[in-house]
Each structure stands twice: as C-alpha cells, then as structure tokens.
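Undergrad: I'd like to ask you about the structure that follows.
The values are calculated or read from the model by the stated rules, or taken from the named source; none is laboratory data. Nothing here was measured: the structure is a model prediction, and the numbers come from that model. Because the Cβ atoms are built from the backbone with ideal geometry, glycine has one as well, and the counts that use them run over all protein chains shown. For the accessible areas, the whole protein counts, side chains as well, though only heavy atoms, and no ligand, DNA or RNA atoms are used. Shrake-Rupley method; radii C 1.70, N 1.55, O 1.52, S 1.80 Å.
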Amino acid sequence: MTQQNQKNQLVPIIMMILLFGMISFVTNLAAPMGIVLKSQFGVSNFMGMLGNFGNFIAYACMGIPAGMLLQKVGYKKTALIAIVVGFVGVGIQYLSGHAESFAIYLCGAFVAGLSMCMLNTVVNPMLNTLGGGGKKGNQLIQIGGSFNSLCGTIVPILVGALAGEVVKANITDIYPIMYIAMGIFAIVFVVLNLVSIPEPHIEKATKSVLKSAYSAWSFRHLVLGAVAVGIYVGVEVGVPGTLMMFLADAEASEMNPDTASTTAGFVVGTYWFLMLIGRFIGASIAGKVSSKTMLTAASALGLVLVLGAMFSSISTKVSMPIIQTGATGGISMGSAEVPIAAMFLVLIGLCTSVMWGGIFNLAVEGLGKYTAAASGIFMTMVCGGGILPLIQNAVADKAGYISSYWVVFASLAYLLYYALIGSKNVNKDIPVE
C-alpha cells in the first residue's frame, strides 16, 4: 500500500472508529437502564432486561436487510440512514420519560437497536477491508473496539451516578445521557456528510453472488461463527448487566443499601474499562498473534473466572479498584468493597475485549465476494445480546444472580470450541472470486 493510499484511508478509518464508539454509547445504555426500570415500574429482573432485549432483538429484524441496504447504496449512505434512525430511537426513549411509559421506552430501545445494527454492518467490514483483511484487518477492528470500550466505560458510570439510590431512580434522571447521545448523532451526521468514504465494488460482487450456486451460508465456519458472535455479545452484555442488578440489590449482594446503585454503576463501568485496556493490548498484538490464539486464550480464561465467581462466598469481600466520578464530575480511580465474585466477573472484561474482532475475522476469512452478505448474517445474530441476558435473568429470578452465570459458562465453552475447531474453513473448494 502506497503512502498516498494510506493517507487517503486515514479519514475513513477515523470515521469508522468514531461510529464504533457511537454503537457502544447507545447500546450500553440499555442494560444499566434495567435498574431504573425496576425502580420506576416495579418490574422483575427479567422485565428489567426487556429494554436490552428490545435493543438487541432489532438485530434479528435488521441484520439481513442492513446487509442488502449496504450492497444497494454503499457504506456512507447506510451509515447516514442509521444515524437518523438512531437519533429517532434515543428521542423516543427521551419521550418515554415524559410519558412515564414502559412500553414507549421499549419501543425507543428497539428503534435504537435498528440503528446500531446498520452501523455495525458498516463499520466491521469497512475496517476489515481498509486493513486488507487478515491480521491487519483484525488490528483495525481491535482499535475500533478500544474506542467502543471507552464509550462503554462511561455509560454505566453515568447511569449509576445519575440514578443515585435505586429506590428513587426514574427515566428522567438519565436525560443527560440521552442529550449526549442525540448530540453525538447530530454532529457525526454533519461530519460524515462532508467526508469521502471509499466504496468497494459492492454491486459487481452482488451480481456475481446472485449467479453463484453457493451463498455465504455454504461456509460452515461462517455459520458457526454467526452463532459464536451471538453468544459472545450475550456474554459481553449479560456479565455486566446481571452484575449491576446483583450489586444494586443490597439484600442479595450484602452491599450498603444507601450506595448500592451508585457502586454497581462504578463496578460495571470498570468492567468496560478493562475491555478498553484489553482492546488496547489486543490492537497492539493483533498484528503478531492470530485471531484463533487470542480467542482460545480469552475463552479459556473466561471459563476459569466464571467458575471462580460462582464458587466463591458472597460474604467474602475485597477492596476492588474502580473507575468512579468525583464530586466535580471528573472520572478517577477509587475503590469499593464488593463480594469477591464481583471482582472475578469484572475481570471477564479482559477476556471479552478481544473476542468480537477475533470471531468476525475468523468467520469471514476466505469468503471473498460473499463477505458483504456474511456481514448481514453476522449482524442478525448479534440479537444474542438481548436473548442470552434475558435467559440469564430469568434464571436469576428463579435460582439467584450467581447461579445464573451457568448460562455464561456454557456460552464461553462454545466459544472455546469455535476457536479450536469450528473456525476452520472446510469449504475452500467454493469459488469466491
């Protein structure tokens, strides 16, 4: 790649990374909002996760259409449409506060999810393409993931701080976060209109795919990878989402009831901060270490940490370093006394940090002209981020918060299988040019 080409690609890369951050900021609002919904409407853990479910189930509805839209109008127009939809989605959530309506909030979460699906359909293949695929493509996705985690770190901290005591939490308390989200959408819409985004020859590839006897579904490693990404997103969201509900429930976690909600937000924010650290590390080594190796190590370590959390005593407390907001509103390091299980679960953030890029990279490797269609399939399966946490919290309602992490354990076991066996391309005889 020439120096001029690298310079021309710099702005598109930056824009894709910014969009990666937007995805996290809006998406990561859904799970922490569970404690607000429980407080305001007196619903169960299962119902509290319905906003998160609505956000992610939108991927099941929009994944394939988003891939088709991408093939039809290209990366830039798809991103612009997604930004408008996202602004509307957050706006509906804002209106739900005025209406004091659980149903309107769920509608807004679903519309916002449609937007996040379309943005994901753009940024992942675009970053992979700009990096030329392989290790470099994975490295760019990891860099984008780092900014994604930075935004994800901020949201639960803000929710916890704004909600205050869980018994008093209300949707209107979270308005400042919604103002920020809508502002980000508006600014990026204007900037993206002014930026030139390179468009791969999508229409030509589409015509070639339509004439083929095969499809993206013909590749076993893609199908298993699509399942893997759905499971992964479920783990990434379910671990901190259920942890926040657990810590905010002072009776279950044996936390101080006056500060449980705020502490829960800080602890979960630390989970996303560790994802940020992990993605920085992942981005720095992705050019040297294969996606398979990274996914294998992350899944195995995650299994160990989940077991540590489930078999530790709630009464055993540790002073854990956390990311917190100070009296002046700035973010700083602090500490909180939490059950040791919480520390084990927070550390899983280091594991989940490198999984997305690794799974995506392994799943689309060798797909050639089928990559754009594969991206739509991939995005459809992100709905697992709503389904698995919902299942986990249904288990939590019946068997307790900690026991619900058996759902996470089984999920990580599948990811380990995919890394070791399922990611191998056994369909190399299919023409992809």
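Table: residues versus (1) closer than 19 Å to Gly51 by Cα; (2) at pLDDT 70 or above; (3) outside any helix (DSSP H, G or I); (4) open to solvent by 20 Å² or more (accessible area, probe 1.4 Å).
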position: Lys135; (1), (2), (3), (4): no, no, no, yes
position: Leu140; (1), (2), (3), (4): no, yes, no, no
position: Gly145; (1), (2), (3), (4): no, yes, no, no
position: Gly152; (1), (2), (3), (4): yes, yes, no, no
position: Ile157; (1), (2), (3), (4): yes, yes, no, no
position: Leu162; (1), (2), (3), (4): yes, yes, no, yes
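Undergrad: Restricting to segment 328-345, give me the number of residues that are open to solvent by 10 Å² or more (accessible area, probe 1.4 Å), assigned to a strand (DSSP E or B) and either at pLDDT below 80 or touching a Leu at 6+ places or on another chain (Cβ under 7 Å) (or both).
TA: Looking only at that region, the number is 3.
Undergrad: Being in a helix (DSSP H, G or I) and either under 18 Å from the mean Cα position of the chain (by Cα) or among the acidic types (Asp, Glu) (or both) is the requirement here; does Ile421 meet it?
TA: Judged against the criteria, Ile421 is not a match.
Undergrad: Have a look at Val26, Val11, Val88, Val43 and point out the one that is out of contact with any helix residue (DSSP H, G or I) (no Cβ under 8 Å at 6 or more places or on another chain) and among the aliphatic types (A, V, I, L, M).
TA: Val11
Undergrad: Could I ask something else about it? Is at least one residue of segment 225-245 open to solvent by less than 10 Å² (accessible area, probe 1.4 Å), at pLDDT below 85 and either closer than 18 Å to Ala31 by Cα or in a helix (DSSP H, G or I) (or both)?
TA: no
Undergrad: Restricting to segment 346-389, name every residue that is open to solvent by less than 30 Å² (accessible area, probe 1.4 Å), of a type in the set (A, V, I, L, M) and over 29 Å from Pro321 (Cα atoms).
TA: Ile359, Leu362, Ala363, Val364, Leu367, Ala372, Ala374, Ile377, Met379, Val382
Undergrad: Look at Val304 and say whether it is part of a strand (DSSP E or B) and modelled with pLDDT of 90 or more.
TA: In short, no.
Undergrad: Are any of the residues in segment 85-105 open to solvent by less than 10 Å² (accessible area, probe 1.4 Å), of a type in the set (A, V, I, L, M) and at pLDDT 85 or above?
TA: yes
Undergrad: Please list, ordered by first then second residue, the pairs with beta carbon atoms under 8 Å, 6 or more apart or interchain, first in segment 413-433 and among the charged types (D, E, K, R), second part of a loop (DSSP other than H, G, I, E, B).
TA: Lys428/Gly366
Undergrad: What are the pairs with Cβ atoms under 6 angstrom where one residue, in segment 22-36, is of a type in the set (D, E, K, R) and the other, located anywhere, is assigned to a helix (DSSP H, G or I) and buried (at least 24 other Cβ atoms within 10 Å of the Cβ)? Sequence gap at least six, or different chains.
TA: none
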